[in-house]
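Read the structure below first, then the notes.
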Amino acid sequence: EFAAALAPAREAAASAGGVGTESWIAAQQQISRLDAARARTVDALAELESLAIDRSGVAVELDDYEAVLAAAEEVRALVQAQQADLDAITARISAP
């Protein structure tokens, strides 16, 4: 979802006029869509971290626990990359 929303947000930000113009508002809307998509990734990370915590206190296969930790680390990197993209796009339309 984030990947699909990324290009339209970049394009809208690149063509945005000054603060308050219609093109700026359109860019803000695209950024909001992008942020909503990123929130789903953040939610997935929270679920994985919760699962890891739950499994850390019970007897589970080590491979299973390590797989959850690896998945959480992968999603954490994805969240950070998405945030960097979002920050870069938002900075393009911010008032000086």
For the chain, with only Lys/Arg (+1) and Asp/Glu (-1) charged at the beta-carbon, what is the dipole magnitude about the Cα centre, in debye rounded to 20?
640
Those helices of the chain passing the 27 Å axial Cα length cut-off and the mean Kyte-Doolittle cut-off of 0.0 (DSSP H runs only) are 62-93
Sorted by accessible area with a 1.4 angstrom probe, largest first, how do I89, I53, I25 fall?
I53, I25, I89
Report in % the part of the accessible area of the chain that belongs to carbon and sulfur, leaving out ligands and nucleic acids; probe 1.4 Å.
55
How would the chain be classified by its alpha-carbon gyration tensor: rounded, prolate or oblate, with rounded meaning a/c under 1.5 and the a/b versus b/c comparison settling the rest?
prolate
Using a 1.4 Å probe on heavy atoms of the protein chains only, the accessible area for D64 in Å², nearest 10, reads 60
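The values are calculated or read from the model by the stated rules, or taken from the named source; none is laboratory data. Predicted model, so just to flag it, every value in this text is computed and none were measured. Cβ atoms come from the backbone with ideal geometry, glycine included; neighbour counts cover every protein chain shown. Surface accessibility is based on the protein's heavy atoms, side chains included, excluding ligands, DNA and RNA. Shrake-Rupley method; radii C 1.70, N 1.55, O 1.52, S 1.80 Å.
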